Structure formats: structure tokens, C-alpha cells
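Below: the structure, in C-alpha cells.
The values are calculated or read from the model by the stated rules, or taken from the named source; none is laboratory data. Being a predicted model, the structure only gives us computed values, none of them experimental. In this analysis, Cβ positions are derived from the backbone assuming ideal geometry, glycine residues included, and neighbour counts consider all displayed protein chains. Just the protein is used for accessible areas: all its heavy atoms, side chains included, with ligands, DNA and RNA removed. Shrake-Rupley method; radii C 1.70, N 1.55, O 1.52, S 1.80 Å.
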Amino acid sequence: MLTLLEQLDKGFLWQSPGGIHPPQLKTLSNQSAISRLPLAKRFIVPVPLVGEQAILTVSVGDKVLKGQALTEGSGFTYLPVHAPTSGHIIAIEQHASNHASALPILSCVIEADGLDTWCELTSNSLEQLSKTEILSKIKQAGIAGMGGAAFPSHVKLNPASEIDLVIINGIECEPYITSDDRLMRDHSDEILAGVGIIHHLLNPQRIIIAIEDNKPEAAKNMQAAIERSSLPKGQIRVTVIPTKYPSGGEKQLIQIITGKEVPSGAIPAQLGIVVHNVGTAYAIQDAIYHGKPLVERVVTLTGENIAKPGNYWLPLGTTVADALQAVDFKPSTQQKVIVGGPMMGYALADLDVPILKGTNCLLVPSPEEIAPDTTEKACIRCGECAVACPALLLPQQLFWHAKAQEYDKAASFNLKDCIECGCCSYVCPSDIPLVEYYRVAKSALKTAAEEKHQAEQAKIRFEARLQRLEDEKNAREAKAKEAAAKRQANMKSSDKDAVAAAMARIAAKKAQAESNTSVSEAPTVTTQTAIDPKKAAVNAAIERAKAKKAAQADTSNVKAADHTDALLDNINADDVKTDDKQAKVAAAIARAKAKKAAQANDVISSQTDAITGSEHNKDQVTPPDDKQARVAAAVARAKAKKLAQAAASSSATDPIATPDANVPTESTDATDASADHSTEPLTPSNTIEPQTADSSVSDKQARVAAAVAKAKAKKLAQVAAGTSATDPIATPDANVPTESTDATDATDASADHSTEPLTPSNTIEPQTADSSVSDKQARVAAAVAKAKAKKLAQVAEDNQDQSLENQHNEQHNEQHTEMSTALSPEQAKKAKVAAAVAKAKAKKLAKSAEQEEQ
Amino acid sequence: MAFKIASSPHVSTSLHTNTVMKRVALCLIPGLVVQSYYFGFGTLIQLLLAVSTAYLAEAAVMKLRNKNIKATLSDNSALVTAVLLAVAIPPLAPWWLIVIGTLFAIVIVKQLYGGLGNNVFNPAMAAYVLLLISFPVQMTSWIAPQTIALNHADILSSLFSIFEFRHSFLAEHFQLSIDGTTMATPLDTLKTDLSMGLTTTESMTKPIFSGMAAEGWFWVNMAYLIGGAIMLKLKVIRWHISIAILASLFVCASFGYLISPDTFVSPLMHLFSGGTMLAAFFIATDPVTAATSPRGRLIFGAMIGVLIYVIRTFGGYPDAVAFAVLLANMCAPFIDYYVRPRSYGHRTGN
């Protein structure tokens, strides 16, 4: 049993299945040596990686030299793009691509100066360079596979695993194409030099130059070049293989040379094999020994409609139109211009597209040469396609499924292993464009896979979010109990206790008197209504207490604010200055708003909790999730359009929410920016949060959220709004003397007060923050805010119904029931009394604030 | 100027469906000639009837389906179906038999399933089975080979017989002479004899079995074999199905013959009588209704061979080609589903 190496040395060949023998027609173009065409005037150099992996290093009007890199970038598969000739960049624009789709692609248009001046080139010898340097030079020369696929060569020259066999592909199995043939005939020594570099880099046990037996001269020249080269004898040989299409396919060639099959989905390197095109070998030696980047290639210009068919060195970027014109192209009607060979090439719709690194042939056949299109007929299941398929697929089954759009079934017949060689279409007696069906099916499968992947990602995100919200909710509930207990304690110790109790009793009585009619309500409802008035009363009491305390705490708050600012300096030093100002502005606006808003609070204040409110809040307490906040902002923006009113009112909050708050000028921008808030004013339940369990979000959390939000606020003014939710929670805590730092936190965090206009308790804030405010900006802000608050109030009223519903959802206030004294359970309307009290107070406060302002 | 856009590949073979079908029809000519030599002009008349019916029926259906009549007729598939049915039925069968059969084959078996490429069953064989079951008498009274016939059925008497001009004196005259020429096929005779307790050797002494396998039938089969060989050479068909049928039939027949030569028919008799060669090269190889992969085709062919043997030996009908082919047709999608070639780069199938 011979080893594989022995078999390779003997030139033993294996059989590749399938394949066809189309008429060759290579003699049309391979009769003369490779020549040059006059330099074109205009070159189009696509820079597809710009924006992804690379940046442009030139701009319009720049003078470039031949070989000068136009892009700069990083990334493993990044390849620089070079100017093919000297001249000026006259445009950088979207230009039709040399692709079947002709989709526009970012391209540099270069006007040649005709001098073709090279940039500075550095020649090297192999000994001077380390392998890494060689690879880097190959990369910087922009060398990509010249056989057509244009895969970056340095990647294939730097494999993860050991390479035993290098196959230099000189098969060129496509009919018509002779660029490799002529290159091997005319530049065999240069190719061998390139092979030497590949040998140096990969150090394989064998290198085989594979050539089809229809190119005897090329094989002879390459053999002679091997004799002349200094490469170790016995390790490199020319192997001539029988002519059959598609023997030049990488997988097929490996099978013919070694008998091995590249596993599906794998690359040849996993078998210890690497295949390089002869043109690539040529380009590699040019890059290393002459320092020349890849700026030109041999292109076969052929077909019966070309007067001078042959092989030409064409600078990359030469347009197809220019190239064809230079060889006297005479188009016939229904002319096809094919890039590549007749088997796998694609027809161009637009000839103003550039020659690319992988463009090995332009074929312009006469109508007699390549038969006109035929109509597709019924498949007779003859199975000739399966016989011809080099990948051993069942093309006909694939066709049935692809045609029926049963792409999953097509995939089960290994559609992905189709190499699109076109053998099946070639032999099909019914003229079915099989390959086209497979392309459609493949792209559909690809799209479906991408969508599936995205859906999975979204699901993971969604589940994570649900979990997080659940956790947060639990944490909040726990905090709520704690906070409620604390408040209770405060109330008892306070000297306002008696007053509060009295107020509560009065409110309760009134409410009772008003709500006789609602006695027959359902038990659940009555229980809740029992809670409501009591709570409202408590709230009223708290507010009053807060008002006094807050006023006293004013100075200390300012200090605390400074303190927090200092902490936040670490996060965003720039914001420090604005904070103070903003706090004032915020306060002013809030105060102004409160006046109007209070009028709208009949219902809101009677409402003791809001599941929706807390839920809404949950949605908002997500400042760390930058992306989500942005998404939320986007959603909210969309909503904002519909809810013009709401958006308008929320815009009032914006100057505050925006760190750079330039109040008068920003108010319009703000409409957009604060779109996050647009829903909040509509959700009266939010107003209750300060008074209820929802205030339980920990100080720390609120502070962190505020800090994070502030840091972000600069970049994302809109996102800053996202922090709003934490603020209403933090704010009420500030009113409790022991937690006064929170108030500053809240204001610091660009003090979002979107909910405040609806929150009677917040009317206290103006006093806390504003006593020292006589700022012009604040006044302007207040004016703006006032105007908007009017609208807001209307909105709030519109939402009465909604808030009433929320009432029934109340779940969190059981702790308050304990405090209830002698309230009958059916006093639904007591809440209103409490609200009225709050309202009156708010008015008073607002008035005094206004006076103060003036 | 506008340039023409087309998907690769831009070249293709010149061997198209219509050419393939035409070649199949042409390769039937040797068999047709030999059959006409032995069994008279009846077959040719049946052929004309079948072809014209087939084209008319196909055109009518295309008209109803709003399809291009010319394009469909030019694919020659109807021609092949008509020829196959014409050579399969008794040469002097009445005209309506072939017309019904052809209509059934084209309209119901082929077009109602979606036309060429979509039919599940071989149209000619489905029609043959329909006729065999519906009109057993007409379908089993085969004409005697002219070499042993008392009266040779000339073209005129064939015409009168086929078109059933019974009422004129002339017709009666010819009818009489024709009646004397019809007889059971060799396989039928053998089956009957075996059921009557005769051994195959005793039965084979009858004049109908003169010659190599059976008088006339051997050479008819030989002619179809030659036609099949030409098709193989022209790559109109692949060898798998034909060889699998003949090989499996041969193996089965040899097995039986070795066990009991007196009660089982010889392999040679099986291969060269009845419709064996016609089925192996022209009927079972219809790509539309056969399995598609090489391995699948071997299984498909072997199945037909075994079924032919089993039905001929143990079944109620003397010849079994049509039934065997139809049964295998039913299995073709099943075979295709499970017999998939190993794709490049894959360890096993799937």
C-alpha cells in the first residue's frame, strides 16, 4: 500500500464524480502573450470595507500615486485597497458594483494623470523578513485569491494547523478562460518564486502544481521553471490532470489529487491542504520581492464579438467598458457581457463597473456562439443532473423542493454543499436554470437562519428582562413595607400627628357622607375604597409635614447636593456645574407646574396606588440598559407623535432632563428628546408612587441610576429621560428628613420631573430647592413649564377613567389599613376630599413660590 | 445599450427533451419492423390510431389548460406513449380499444396529474392494464405469428378486422380468415398447459414454441434489445434499470428452473418472450416514473424483474410487465426518498 505522499509523487490521480466536458474554445484567447492596453482615463476602485473594518485615507481632490493605499483598517480579513494608477480622486461615491446584482457600492473614482507614477516601493528578499513580516506585507499588498473567490490570501497562508500539501491551482477548467494558462506560459519563473514564498511560509511536505492536460505548454514551462528554481527537488512537481469541468474547483481538485474529500462545512486546511491559484503566487512574489501591491491582473478578454481576443494586464478598477473598447468590442443585439467563464460567470447589465481582483475573464460571445436563452420546460426526472453533479447531490430533488419553496427540505438534500458549478443546468434536457433555483433557495435559507438567530436573541433578552423586572418588583415590594413602617414611625413621633389625624378624620367623614350611594359595591371594591380615603388623608398629612420639613431642610439639601455632586464628579465632571443650576430650574418648573397640575388631581390624589404606575415605573427603572432605553425612546417618540398633547407637556420637563438645558431654545428639541416621558403624564398612577410602596427602590439604586443616567445624558439626551422613573421614587424620600440626600440625588440626576406636575406632594419641592432661586433661566423655564402644565392638566383629566381603573388594582397598601381608625368601607369619595386639600395646598404653595420668584 | 442578463451557466447541451423522446421513438423501429413482420400490419394501424389519438387528446387538454399546444406536442412524449401502447396491444384488437387506451393514457394518467414530468404511473402501462382488466378477451387474443399461421392477415383484412366491418360480405370473408389466425401468446399457452398438468417440456413441443424461445417472439424481443442497446449507446437511457430488470428476472427464473425444470419456465423463455425486452429498455426506463439515483434505479429495476417473474409464475395473468412496472412506479418516490447518494464531504447518506 503506497502512502499518500508516494502516490502524490507518482502522480496518481483519483476520480472526481460527475463533471462535464463543455466545448473548450480556449484557443480563441491563448495564442499570444499577455499584453497591455492603453491606460484608461478613469478608474473605479470599490472600497466596500469602509465603514466596517476600514476608513478612507484619501478625500476628494487628493492626488494619489500608483500603489498608494486608499484605506486603512484592522481586522483579520481586512485587505487594503490601492490606487491602480497615479491621478486624482475626483469622487467618492456609491457606484454600481461588478456583481450580478450591480448594487451600488462605495467607490473612489480616480482620474488618471497618465503618468502612472508608482509610489515608493521597497524590495525585500526572503531572508530579511520574518514570517510575520511576510504575512503582513502580503496583507498590506491587498492580495486576494485570484481564481475568482478573492479570499484574502494572508489568511490562507497563516493556518491554525499544520499544512502537509500545497496545491497550486493552474487547472482553469472554465471554457474560454486562459489567463492562468498564459501567466504560466509567460511568467513561470515568477510563479515559482511566489510558490517559494508559500513554501517558506507553510513548509509543506509537498507542493503540487496541478494543470489540466489541455494546457501542455503551460505544464512544460512550469516543469522547466521547477528545474531552474532553488526549491527542494522531490517536494514540488507538476501534475497534469485530465480535462473535465469543474476540476478546478478547490474541493474537486483536492479529491482528484489526494482522493480525500473536504468534509462538508470544513475548509481544506483541516485536511492539511491549502490550495492557491497561480495568479496568487505571482502576486505574492510581486509584493515581497518588488514591494508592489496588487493593482493589476491578467484578464482574458474573449468571445467572438471582440476583434482582438487575448490576455491583458489590466489595472484593477479599469471599467469593463474601457477594457472592451480597447479591444474593439462590437456588441450585437441581445449582447451578453459575461464576467468569468460561461459556466459560472454572471452577465453584466451595466459596463461601467470595475475590474476586480477576482475578475479573470470578460466574455462577449456572439449570438451564434452561445445559444440564446431557452424556455424552461418540465422536468422529466431523467437524472442526468445527478450524474453530472460533482458534489454528488440530487439536483433534481433540490429543484423540486426549491421550486415548491420547501427550502427546509431542499436543505435536507444538502443544498449547502452545492458549489453552483452549473453542471446540472448544462446537462438538463429541459433547460431548467437549476443553479438559479438553488441560489434563490440558498439565500432564502440564509435569510431565514438570520431571522431565527435574531428571534432567539430577542427571546433571550426578553426573558432576561422579565426576570429582572420580577426581581426588581420583589425588591421594591420588600422596600415598600420597610418604607411604610418607617413613615408610620415618623408620623407617630411627629408633632404634626394630631393635625394629620384630625385632617384624616375630617376627610373621612366627608367622604363617607358623599359616598352613601356606593354602599352596594362589590366587596373587593369597598375594601379598596376604604383604603383610599384613609390613605389620601395620610398623604395629605405627609405632604404638610414635608412642606415644613423641606423648607427647613432647604439649606442642608443644597449641601447634600454638593456632596452628591462631588461623588458624581467621578462619573461626569462636566455635569457638576450644570447640576446646581438645573436643580433650581427644575424646582422652578415643577413649582409652576404644580399649580396647574393640582387642579387636575381630583382623581389622582384619591387614587392610592397604581399597579400600572409601578409597572410603568419598572419599565423606566432600567437606565443601565442603554440599548433598551434607546428602544424605549424610539417607541416613545413614535407615540409622542400621536399624543401631541402629551408630548408637548412632557417637553416642558425636558430642559430639565437635558444636562445642557438651555431652556428656551431647547424646548422644541425637547419634544423629541423627552418622548420617553410622553406616557408618563398620562399615567396618573405615577404620582402616587412617591407616597406609596413604590418608593422603595433603594437609595443606592436610585443614586446609581441617576449617576449612570447622567453619564449617559451627554451622549443621549433622550436616554437621560429614562432615568426619570427613578427620580419620582427618590424624590419623595427626600421629603422625609432622614432621607434628604435623595432629593438632591433626584434633582442631580438631571432632575426629571415629568411626573411631578401631577404630584401634589412634589409641590413641596419648589420650596426645598427654590428658596434661593432667582435665576433668570429658571424663570423662563417656569414660564414655559407653566404653559405646558396647563395642557398637562387637561391630559391628566382625560385620564381620570384610566386612573379609576388603576384604583381597583390597588394591591400594595395593606399596611395603611392598619392605620385606619373609624372609616366605613364604602367611602370612595373621601379621596376627593384629600385631593381637594392637597390641591388647595398646592395652590397656595405655588402662589407663594411665584411671589418668591417675582 | 442594454445588455442581456442571464443566470449562469450560459451554455448547455443540445440534447433536449424532445430529442430524447424522438430518439426513444426511433429506437423502437427495429422492434416495430420485426413485430410487423411476424404479426402483420395490424400493429402499424394501431400505431397510427394511437399516435393521432394521442396528439389530439394532448392538444385538447393543452387547450383546456391554456398552455402552449405546440410546445407541448413538440416534446414528443405523447408520441412515445402512443407507440408503446400500440406495440403492446394485440395487432388486430378493435380500433376503440387503442383509442380508449390512448385517451386514458394521455388525458387521465398523464395530463390530469400535471402533464409531462408529473405523472406517477407510466401512461402506456396504466392504459394497458385498464384495457386488460376491462376487455380481457380482446386483450388476450393475440395473432399467430405468420410463419405458423394458416392465413396471413394482410393489410386489408387487418383494417377490416380492426374497424369491425362485420356487416358486409367482404368483411365476413376476411373476418373468417382472421379468426383462424388468433391464438394465445406463448406465455399464456404455457401457463394454461402447466395448469392442465403438462410439463414445460411437453408444452414446448407445440408449434408456437418453435424457434429459440417462442416463434416470432424471440426475434421481436431481440429487436427491442437492439433498440435498447442503441439507446444506451446514445445515452438516451442509463443502463441501471434495464440491466437490473434482466438480471433479476434471469436470476429468479434460473433459480426456479434449476429446482424444477418441469414446472418452471426457462430463463431464456422469460427473457425473450412477452414484453420483457420492451419493458426493460423502453417502458421501465421512462425517467418520469422511475427512481432517479443510480442505486435507486438498480433497486427499481430489480423490483420489476422480480415482480415480472412472480406474477408470470404465480399470478393470474400470463404476462406481467404492465403490472410489475406500475407497482414499481408506486415505489419510485419511496425509493428516491430512502436511497440518496452520499454527497461530497459527507460520511454517509442524508
Would you list A:Leu4, A:Leu103, B:Leu278 from the most to the least accessible area, probe 1.4 Å? A:Leu103, A:Leu4, B:Leu278
May I ask you to rank B:Ile304, A:Ile506 by accessible area, largest first, using a 1.4 Å probe over the protein chains only? A:Ile506, B:Ile304
Dipole of region A:374-493 [Lys/Arg +1, Asp/Glu -1 at C-beta], most positive-end residue of A:Thr375, A:Ala485, A:Ile460: A:Ala485
Spelling it out for A:Thr243: with amide H atoms placed in the peptide plane at 1.01 Å from N, the residues 5 or more places away or on another chain with amide H under 5 Å from its amide H are A:Asp213, A:Asn214
Report the gain in length on full extension from A:Ser443 to A:Lys63: 0.36 nm times residue separation, minus Cα-Cα distance, nm rounded to one decimal. 132.7 nm
What accessible area, in Å² to the nearest ten, does a 1.4 Å probe give for A:Glu172? 20
Report ³J(HN,Hα) in whole Hz for each residue of region A:402-408, in order, from the Karplus equation J = 6.51 cos²θ - 1.76 cosθ + 1.60 where θ = phi - 60°; Gly and Pro get x. 5, 5, 7, 6, 8, 5, 5
Suppose R0 equals 56 Å; then what is the FRET efficiency for A:Glu52 and A:Arg468 from their Cβ-Cβ distance, rounded to the nearest 0.05? 0.95
Roughly how large is the A-B contact in terms of buried accessible area, totalled over both chains, probe 1.4 Å, nearest 100 Å²? 4100
Over region A:294-435, with neighbouring protein chains present, the accessible area per residue in Å² at probe 1.4 Å is 31
Rounded accessible area of A:Ile171 (nearest 10 Å², 1.4 Å probe): 0
Zone residues, region A:162-181, relative to A:Ala224, backbone N less than 17 Å from point 7 Å out along Cα-to-Cβ: A:181
Leaving ligands and nucleic acids out of the surface, order A:His200, A:His95 by accessible area at 1.4 Å, largest first. A:His200, A:His95
Where a label projected 7 Å from the Cα of A:Lys308 along Cα→Cβ would reach, residues of region A:23-38 with amide N under 16 Å: A:29-38
Rank by packing, highest mean first: peptides A:274-285, A:393-404, A:45-56, with packing defined as the count of other Cβ atoms within 10 Å averaged across residues. A:274-285, A:393-404, A:45-56
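Could you report region B:224-275's accessible area per residue, 1.4 Å probe, as an integer in Å²?
Here the per-residue accessible area is 46 Å².
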Complex-versus-alone comparison for region A:417-438, residues with a loss of 50 Å² or more in accessible area, probe 1.4 Å: A:Tyr426, A:Pro429
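Take the Cβ-Cβ distance between B:Leu64 and B:Ile133 as r, set R0 to 35 Å, and report the resulting FRET efficiency rounded to the nearest 0.05.
0.80
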Does any residue of region B:100-133 lose at least 30 Å² of accessible area with all protein chains in place compared with its chain alone, and if so which ones (probe 1.4 Å)? B:Leu116, B:Gly117
Just read off the accessible area of B:Ile89 with the full protein assembly in place, 1.4 Å probe, to the nearest 10 Å². 0
Figure the gain on full extension for A:Ser32 and A:Asp350 (residue separation times 0.36 nm, minus the Cα-Cα span) and round it to one decimal in nm. 111.6 nm
Given a 1.4 angstrom probe, I'd like the percentage of the accessible area of region B:230-350 that is carbon and sulfur, rounded to a whole number. 71
Which parts of region B:286-304, residue by residue, lose 20 Å² or more of accessible area when the rest of the protein chains are there, as against the chain isolated (1.4 Å probe)? B:Pro287, B:Val288, B:Thr292, B:Arg297
Dipole moment magnitude, nearest 20 debye, region A:4-326 about Cα centre, only Lys, Arg, Asp, Glu C-beta charged: 340
Computed FRET value (nearest 0.05) for A:Gln457 with B:Val310, which takes r as the C-beta separation and R₀ as 45 Å: 0.15
The distance between the Cα centres of region A:372-431 and region A:125-150, in whole Å, is 39
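Of all accessible surface on region A:374-493 at a 1.4 Å probe, what whole percent is carbon and sulfur? Walk me through the numbers before you get to the answer.
On the way: 3480 of 6100 Å².
Using a 1.4 Å probe with all protein chains present, region A:374-493 comes out at 57 percent carbon and sulfur.
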